[in-house]
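The values are calculated or read from the model by the stated rules, or taken from the named source; none is laboratory data. None of these values were measured; they are calculated from a predicted model. Please note: Cβ atoms are built from the backbone with ideal geometry, for glycine as well, and neighbour counts cover all protein chains shown.
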Amino acid sequence: MKKILFYNSLFWIFPFLVYAQVIFQTPLSPRIANYKIDATLNTREKRIDAHEQLLWKNASDVPVTELQFHLYMNAFRNRKSTFMKDVRSRHRSIGLIRDRVFGGIDVSSIVLNGTTDLTDRIEFIRPDDGNVHDSTVIRIPLPAPVQPGKSVTLDIDFQTRLPKIIARTGFVHDYFLLGQWFPKIGVWQNGECNCHQFHINSEFFADFGVYQVNLTLPQEYVVGATGILLDENLSDSLKTLSFRAEDVHDFAMTAWPKFRREERSVNGVNVVLLYAPEHAGNVERYFSTITGTMDYLGKWLMPYPYPNLTMVDMPLYAFLSAGMEYPCFITCGSIWNFPQDIRLFPEEVTIHEFAHQYFYGILASNEFEEPWLDEGFTSYATLINQGELDSYRKAYIGKPNLDFVVKPSWKFELGGYGTFAYDKPALMLKTLENYLGKETMTRLLKAYLARWKFKHPKTGDFLQVVRDVAPETPENYFEQALYGTEVLDYSVVNVSCDKVTQSTGIDSGITRYRCTIDVRRRGTFVFPVEIAGIFADGDTVIVPWDGKASYKVVTLTHDSEIKAATVDPHQKIWLDVNWTNNSKTIRVEPLAIRRHWLQALRLVQQMYISVFSF
Ligand SMILES: [Zn+2]
């Protein structure tokens, strides 16, 4: 499907050809917002001067009378913006204006269809909170409506002043991470423009399109971007790099003179790693991680559809730009001599950010309004790759009923964003996978991708896929897990056994045991569970229970005495907030305590490894 045509040599003779190159012969997406941007990065002044030409199509079914744009960089214009006001009470500790270096973006001119100057019509709006100090959204009333199916061209001159790295954008010394650096049009949906202000927890939401970006900067800079590099022109001490990306909804870049560059083909994708020289020892870790992840997600969901991927490993002083996803471009991050057996840097971060290429990139859900659709699915995909769920559970069980999952990102407080956009959805999806089985879950996810790729799915759209593909999903599962604060906790409260000797009939004189297991539903979350009796002769008897009543007494008659009873014996229910009450033995088992001691020792050992490896 994908085809890249390079005309580098022809470009010198026919410069217009650079705009004629195509990546996908058949577009993958509706291509609603298409950008051509000529940008100059002034590395001394930490400033971008640019001209943007936007070709925008009204893909809705109503005439559009105004346009709205995100000016994200204005979140760092002052300390009273909505983003900066939220800094203290929210999840991310990356929202500090450092060294009084403010950012900002100014639109100096906007012209419609090459003729009508709209600059005087620009008006700041604050649709979310009315904060007059926030200037992250503008609206521009149009002289005439854009009819459904029609397109307009907007020529925009703008200047972006970069802050010291904040919310994974900006500069430190001569390192640059350019994210959310240009005026970006909002998404028309249901007869209105969806264009939220920039909040501390919220990420982004935009339409797909084609990006043609020319970046001019000093020649010594090594650059990476969302797009593929089509051409490079040198003049005096500067160079202009021409990038193109198709069927993406954002465009990010990085530039640093000291980057080292490693380029390899992974599953047919051109993967570029830009890394800090001191992290050379991590290059193989990056490539083995991305090879495994691309392979796994390609089979599990759908093959990665783009021809390129850039991974950014920044110097330690720019670590605040680590861990961010943009289309075909992820910032990872590693630390010199990080222990090999702790798969956090670079492994877990790389897996997480690459998984976002699906849950955010290809499935372009609204990160403002339903962050669980990108972060929750991505966390689930990460743990499937990593095989590591404990940290998610640890975070969730501390405050399982604090909040709901389906909620706008900026409305979470008290750390709820991390727990309810990331952790709980991951545990919820893993629990669903265990209930349905791996095969059904894979079919479900494949169907979700197939139905909603290169579109804007909402929670209801995913639930419709569940109803179609896995109707056996317990009723009310999502109502409880996504929209409710119900807590799931089943426990065995007692297990006992009586000897019964048959006095009459064919079994006369045979001794059997009548064993009783007393199970309670301690939480308000109802979910089907299994109850297991484990017997001295090695037999295990499993009894299913719909989990609806507040308790269940299971009586089992067996040839040998019961040793133990467990609810959810295969530990399928990751949403269960207390696993320590899931089983009871008939006698005290010292082995269990020894196991906890061993785990504690392992933790101490790990701590020493971490400390002394540096
Ligand atoms: Zn994420």
#### Entry: Given (1) charged (D, E, K, R); (2) within 25 Å of MET311 (Cβ to Cβ); (3) at pLDDT 95 or above, index of the condition GLU370 fails
(2)
#### Entry: Of the criteria (1) within 14 Å of the ligand (Cβ to nearest atom); (2) at pLDDT 95 or above; (3) over 30 Å from PRO27 (Cα atoms), which one TYR380 fails
(3)
### Query
Which of the following residues is modelled with pLDDT of 90 or more, under 17 Å from the mean Cα position of the chain (by Cα) and either among the hydroxyl-bearing types (Ser, Thr, Tyr) or buried (at least 23 other Cβ atoms within 10 Å of the Cβ) (or both): TYR392, TYR417?
TYR417
### Message
Take the conditions closer than 15 Å to VAL64 by Cβ and not aromatic (Phe, Trp, Tyr) and apply them to LEU154. Does it pass?
### Response
yes
### Message
Restricting to segment 386-429, give me the number of residues that are within 15 Å of the ligand (Cβ to nearest atom) and farther than 26 Å from PHE198 by Cβ.
### Response
4
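If you check PHE412 against the conditions, is it at pLDDT below 95, over 16 Å from the mean Cα position of the chain (by Cα) and aromatic (Phe, Trp, Tyr)?
Here the answer is yes, as PHE412 does meet what is asked.
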### Message
Quick check on segment 540-556. Is at least one of its residues in contact with a His (Cβ under 8 Å, 6 or more places away or on another chain) and either in contact (Cβ under 8 Å) with a residue 24 or more places away in the chain or not in a loop (DSSP other than H, G, I, E, B) (or both)?
### Response
yes
### Task
Could you grab me the full set of residues in segment 362-377 that are near the ligand (Cβ under 10 Å from one of its atoms) and not in a helix (DSSP H, G or I)?
GLU367, PRO371
### Task
For segment 349-361, enumerate the residues that are assigned to a helix (DSSP H, G or I), in contact with a helix residue (DSSP H, G or I) (Cβ under 6 Å, 6 or more places away or on another chain) and either under 21 Å from HIS196 (Cα atoms) or within 11 Å of the ligand (Cβ to nearest atom) (or both).
ILE351, HIS352, PHE354, ALA355, PHE359, TYR360
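Residue by residue, here is whether (1) within 20 Å of ALA255 (Cα to Cα); (2) assigned to a helix (DSSP H, G or I); (3) within 16 Å of the ligand (Cβ to nearest atom) holds:
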residue: LYS299; (1), (2), (3): no, yes, no
residue: ASN337; (1), (2), (3): no, no, no
residue: ASP341; (1), (2), (3): no, no, no
residue: GLU347; (1), (2), (3): no, yes, yes
residue: ILE384; (1), (2), (3): no, yes, yes
### Task
Look at segment 148-187 and say how many of its residues are in a loop (DSSP other than H, G, I, E, B) and surrounded by fewer than 20 Cβ atoms within 10 Å (Cβ to Cβ).
5
### Message
Test of understanding: among VAL588, VAL543, VAL554, which residue is in contact with a strand residue (DSSP E or B) (Cβ under 9 Å, 6 or more places away or on another chain), farther than 28 Å from TYR396 by Cα and surrounded by fewer than 18 Cβ atoms within 10 Å (Cβ to Cβ)?
### Response
VAL543
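Which one of ASN113, ASN201, ASN131, ASN190 is buried (at least 18 other Cβ atoms within 10 Å of the Cβ) and either among the polar types (S, T, N, Q) or touching an Asp or Glu at 6+ places or on another chain (Cβ under 8 Å) (or both)? Quick ask: steps written out before the conclusion?
Numbers: ASN113 fails: buried (at least 18 other Cβ atoms within 10 Å of the Cβ); ASN131 fails: buried (at least 18 other Cβ atoms within 10 Å of the Cβ); ASN190 fails: buried (at least 18 other Cβ atoms within 10 Å of the Cβ).
Residue meeting the stated conditions: ASN201.
Quick check: is even one residue across segment 483-490 in contact with a strand residue (DSSP E or B) (Cβ under 7 Å, 6 or more places away or on another chain), farther than 21 Å from TRP372 by Cα and modelled with pLDDT of 95 or more? Working first, answer last.
Initial filter on segment 483-490 (in contact with a strand residue (DSSP E or B) (Cβ under 7 Å, 6 or more places away or on another chain)): 488-490.
If we keep only those that are farther than 21 Å from TRP372 by Cα too, we end up with 489-490.
From what's left, modelled with pLDDT of 95 or more: 489-490.
Yes - at least one qualifying residue is present in segment 483-490.
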### Query
Across segment 313-328, which residue is nearest to the chain's Cα centre (by Cα) among those that are hydrophobic (A, V, I, L, M, F, W, C) and within 14 Å of the ligand (Cβ to nearest atom)?
MET324
#### Entry: All positions within segment 520-540 that are closer than 23 Å to TYR435 by Cα, surrounded by fewer than 17 Cβ atoms within 10 Å (Cβ to Cβ) and among the small types (Gly, Ala, Ser)
none
### Query
Which residues, counting only those in segment 68-81, are assigned to a strand (DSSP E or B) and either over 28 Å from the mean Cα position of the chain (by Cα) or among the aromatic types (Phe, Trp, Tyr) (or both)?
PHE69
### Task
Just give me the residues in segment 336-356 being in contact (Cβ under 8 Å) with a residue 60 or more places away in the chain and polar (S, T, N, Q), in sequence order.
ASN337, THR350
### Query
Which helices (runs of 4 or more DSSP H) does segment 429-518 wholly contain that include 3 or more residues that are touching a helix residue (DSSP H, G or I) at 6+ places or on another chain (Cβ under 8 Å) and more than 24 Å from TRP579 (Cβ to Cβ)?
438-452, 459-469
### Task
Among residues belonging to segment 271-300 that are of a type in the set (Gly, Ala, Ser) and surrounded by fewer than 22 Cβ atoms within 10 Å (Cβ to Cβ), point out the one that is farthest from VAL222 (Cα to Cα).
GLY298
### Query
Would you say TYR306 is in contact (Cβ under 8 Å) with a residue 60 or more places away in the chain and either assigned to a helix (DSSP H, G or I) or among the small types (Gly, Ala, Ser) (or both)?
no
